Amino acid sequence: MSQDLPRINTQILKVPETELGKFRDGNDQEKLGLWEVSQSKSPGIRILNEAAQYLKTKNTPIAFPTETVYGLGADATRSEAVKGIYTAKKRPSDNPLIIHISDLEMLRSILAPENTSNGTTVTNHDRIPEIYKPLIKRFWPGPLTLLLPNPISSKLAPEVTAGLKTFGVRMPNSPLALSLIKLTGMPLAAPSANASTKPSPTTAQHVLEDLEGRIEFILDGGPCLVGVESTVVDGLCDPPLILRPGGVSIDELRSCPGWEKVEKGYKDQSETGKSAPRAPGMKYKHYSPKATVILYEASFAADYNGIQAQDVKTFIQGRQFQQISRNGSGGLQIGIIRTRHWKPAAGLRCGDFKSETVKTQNGQEHHLAIEFDVQEAELYDSTTAVPIGKLMDVSIGTDTRSIAHGLFSALRELDRRGADLIFVEGTVDDEDIGAAVMNRLRKAASQIKS
Ligand code: TXA
Ligand code: MG
């Protein structure tokens, strides 16, 4: 059983992202034909070579960054290696994994395995369905996963597809990930590198929090740019479907030929109408921090100044304090995640804010770096003026891309600081990748105000 695994010493290996590789035209002069790893002997390349060697021979997965979230990768062609992912993550084995490829040549070799029965080789035959070509051209490498038919004599381990006739595949937009895959020479099966049920990791530190002692290596390439997982689409049915909203928006998909009528093939809380508050503890076991998450839908949140003392009181009323507080005597720890409209902790009686900046990164996309101030203040009972706990207030930006980028990180940070309750200001579904943000939040929330 996974619980009985001996503890492993988990190391974070920093991989400098300097000139790890680049695309070269394949035989047919296409842009994503071949990924070529740099021939340099730089420290980054050395680490990636060692990691690839490990993936080829060992059955314990390695965590690595992609532009969406950190993945937990294993050689997708070896059953024992793929089983190692399910064990490390404690993931139910009926949930299929996405495979990650470095270039189109690798995808073609999966779609058309060499036919040895009559001696002919069909690797060059293009079996990529036409419907996907405009998407590949526009969004790869990037946060989009395509469902493809798994060939009968597939080289993918059966554990990857969990018994389905299709496999999910994407080409990540990260030179580190592409080079690791290329050096391994095999597609890497990789789910998000969180423990099952936790928010997906967007830094190496997040992976360590969840998987320390369970895997040997975490490759650290800095914080992930997108911050939510890839969009999963099925173009094998008519009309095509979005199975999971993610880093590519529905409008972006609709602008591609053949995808004008793409439909949502997933459901979340917004479709169930005005949802009655669900009982705490009845959470979806997904994307969930330890704290209880209370989500305000955008329609509700927009007319709202921010969390009021009344919201906190309403939540606490009629409940045993021990049911809410994670740390018993430490009082009530309340987290607030703001997006577009909320003012900082309006209406709550709190002491002076002291702010602290959490994790900064100087990347090219500085506006998306994980850099937020958690403002902390004492919280008082408004009638008796007795201190009752602590308030932690975070703003993760006003546009949908920065909200996506900071969301999992903010949930984890508030959790780390011991939040009992987290109030979250939701955003709109129909703006850019807002649907992905709200889909994750609705799954994490144990109560939704709409
Ligand atoms: O951005 C991402 O997609 C990240 C990074 C690491 O690439 N990966 C990721 O993997 O989110 P995971 O395993 O956490 O989520 C994979 C999703 C699941 O919802 C799974 O059910 C779906 O893709 N999926 C995979 N293969 C499928 C298939 N053959 N048919 C239907 N759904 C599939
Ligand atoms: Mg996941």
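The values are calculated or read from the model by the stated rules, or taken from the named source; none is laboratory data. In this text the structure is predicted, and so the values were computed from the model without any measurement. Positions of Cβ are generated from backbone atoms using ideal geometry, with glycine treated the same way; all protein chains shown enter the neighbour counts. Side chains included, ligands, DNA and RNA excluded: accessible areas come from the protein's heavy atoms. Shrake-Rupley method; radii C 1.70, N 1.55, O 1.52, S 1.80 Å.
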- For the chain, find the longest principal axis of its Cα atoms and tell me its angle to the long axis of helix 43-57, 0 to 90°, nearest 10. 70
- Message: If you roll a 1.4 angstrom probe over the protein chains with everything in place, what fraction of the accessible area of the chain belongs to carbon and sulfur, to the nearest %?
- Response: 50
- Environment charge of Ala74, counting only residues whose C-beta is closer than 10 Å and scoring Lys/Arg +1, Asp/Glu -1: 0
- Message: Can you tell me the orientation of helix 400-416 relative to the chain, as the angle in degrees between its alpha-carbon axis and the longest Cα principal axis, to the nearest 10?
- Response: 70
- Taking the DSSP beta bridges in the chain as the whole, what percent of them are antiparallel, to the nearest 5? 50
- Task: Return the single residue from Thr292, Thr357, Thr202 with maximal mean-square fluctuation; model: Gaussian network over the chain, springs between Cα atoms under 10 Å.
- Result: Thr357
- Candidates Pro245, Pro129, Pro143; GNM for the chain (alpha-carbon contacts under 10 Å) flags as most fluctuating Pro129
- Query: Can you list the HN-Hα couplings for the range 75-90, worked out from phi with the Karplus curve (6.51, -1.76, 1.60; θ = phi - 60°), rounded to whole Hz and with x for Gly and Pro?
  - Reply: 4, 6, 9, 10, 4, 4, 5, 5, 4, x, 5, 4, 5, 5, 8, 6
- Task: Compute log10 of I(q)/I(0) for the range 11-272 with the Debye formula, placing one identical point scatterer on every Cα and leaving out solvent, at q = 0.11, 0.13, 0.16 Å⁻¹, to two decimals.
- Result: -0.57, -0.82, -1.27
- Give, rounded to the nearest 20 debye, the magnitude of the charge dipole that the chain has about its Cα centre when Lys and Arg contribute +1 at Cβ and Asp and Glu contribute -1 at Cβ. 1060
- At a Förster distance of 56 Å, what's the computed FRET efficiency of Gln310 paired with Ser255, Cβ-Cβ distance as r, to 0.05? 0.80
- Query: To the nearest 0.05, what FRET efficiency results for Lys56 and Lys31 with a Förster distance of 25 Å applied to their C-beta separation?
  - Reply: 0.35
- Message: Placing unit charges on C-beta atoms (Lys and Arg positive, Asp and Glu negative, everything else neutral), compute the dipole magnitude of the range 11-272 about its Cα centre in debye, rounded to 20.
- Response: 380
- Task: Rounded to whole Å and sorted largest first, list the principal axis extents of the Cα atoms in the chain.
- Result: 85, 49, 43
- Choose one of Tyr86, Leu34, Pro134: the residue whose Cα lies farthest towards the positive end of the charge dipole of the chain (beta-carbon charges +1 Lys, Arg; -1 Asp, Glu; about the Cα centre). Tyr86
- Item | the range 146-183-the range 408-446 distance, computed between alpha-carbon centres (Å) | 29
- Cross-link pairs Lys198/Lys343; Lys198/Lys354; Lys14/Lys89; Lys83/Lys264; Lys198/Lys313; Lys290/Lys390 - those with Cα-Cα distance over 24 Å: Lys198/Lys343; Lys198/Lys354; Lys83/Lys264; Lys198/Lys313
- Item | Choice from Arg244, Arg440, Arg349 showing the highest fluctuation, given a GNM over the chain with Cα pairs closer than 10 Å | Arg349
- Note on the structure: Averaged per residue, the 1.4 Å probe accessible area of the chain, protein heavy atoms only, in Å², is roughly 44
